[in-house]
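Asker: Structure below; questions to follow.
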Amino acid sequence: MSMTNLDFRRSLLLLSLLQIIFLAGCSSENEDFIQGYWYRGNAHFMDQWFFDRGRFSHKTEVYHGDPNITVGRYQVIESQDDSLTLELFDIELSFGDERQQVVIKLDWDSDTIRTRGQNYERVPP
């Protein structure tokens, strides 16, 4: 193997590793932002998301009714400056290998997220 070929392979490997590190860094900052509880509600209902490093739960409840709780796992499939696209899977009580995608818009200034057409506020720990 020639020295030029070896240098090219090393350069390509280094470039690939740097790209992976960069993409992982971008994704983790947005993913870090969504960790914890997010809430919206009023006197008649509540709607809450919870994200915890690859796990999620979504709870909706009309007061004085039975809550609807969905739990499962998620993975980030796309991360941009102000949004994340998550794939939800291993969803409790789903049939088959049903997967869903959820796009979450991030508002860093107001510390809120928007998904499925609804705004959610962070619940402090």
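The values are calculated or read from the model by the stated rules, or taken from the named source; none is laboratory data. The structure presented is a predicted model; accordingly, all values stated were derived computationally and were not measured. When we count neighbours, we look across all protein chains shown, and the Cβ atoms used for this are built from the backbone with ideal geometry, even at glycine. For accessibility, only protein heavy atoms count, side chains too; no ligands or nucleic acids. Shrake-Rupley method; radii C 1.70, N 1.55, O 1.52, S 1.80 Å.
Asker: Taking a probe of 1.4 angstrom, what is the accessible area of V103 in Å², to the nearest 10?
Answerer: It works out to around 70 Å².
Asker: Tell me, what ³J(HN,Hα) does each residue in the stretch 48-65 have, in order and in whole Hz, if you take phi through Karplus 6.51 cos²θ - 1.76 cosθ + 1.60 with θ = phi - 60° and put x for Gly and Pro?
Answerer: 9, 10, 9, 10, 9, 6, x, 10, 9, 9, 9, 10, 10, 8, 8, 3, 6, x
Asker: Any idea of I77's accessible area? Nearest 10 Å², probe 1.4 Å.
Answerer: Near enough 80 Å² of accessible area.
Asker: Extension gain K105-R122, at 0.36 nm per residue separation less the Cα-Cα distance, in nm? Walk me through the intermediate numbers first.
Answerer: Numbers: separation 17, 0.36 × 17 = 6.12 nm, distance 1.33 nm.
Contour length minus Cα-Cα distance gives 4.8 nm.
Asker: Apply the Karplus parameterisation 6.51 cos²θ - 1.76 cosθ + 1.60, with θ equal to phi minus 60°, to every residue of the stretch 112-125 and state each ³J(HN,Hα) to the nearest whole Hz, in sequence, with x for glycine and proline.
Answerer: 10, 10, 9, 8, 6, x, 10, 9, 10, 9, 5, 9, x, x
Asker: For H64, H44, give me the order by solvent-accessible area with a 1.4 Å probe, most accessible first, ignoring ligands, DNA and RNA. Before the final figure, lay out the partial values.
Answerer: On the way: H64 195, H44 130 Å².
Final ranking, largest accessible area leading: H64, H44.
Asker: Still on this structure, I have one more. Would you tally the net charge around I69, using a Cβ to Cβ cut-off of less than 10 Å, leaving I69 out, and scoring K and R as +1, D and E as -1?
Answerer: Working: positive: K59; negative: E61, D66, E92.
Overall, the nearby charge balance is -2.
Asker: Follow-up. Once the whole set of protein chains is in place, how much accessible area is left on Y37, using a 1.4 Å probe, in Å² to the nearest 10?
Answerer: Probe radius 1.4 Å; accessible area of Y37 about 100 Å².
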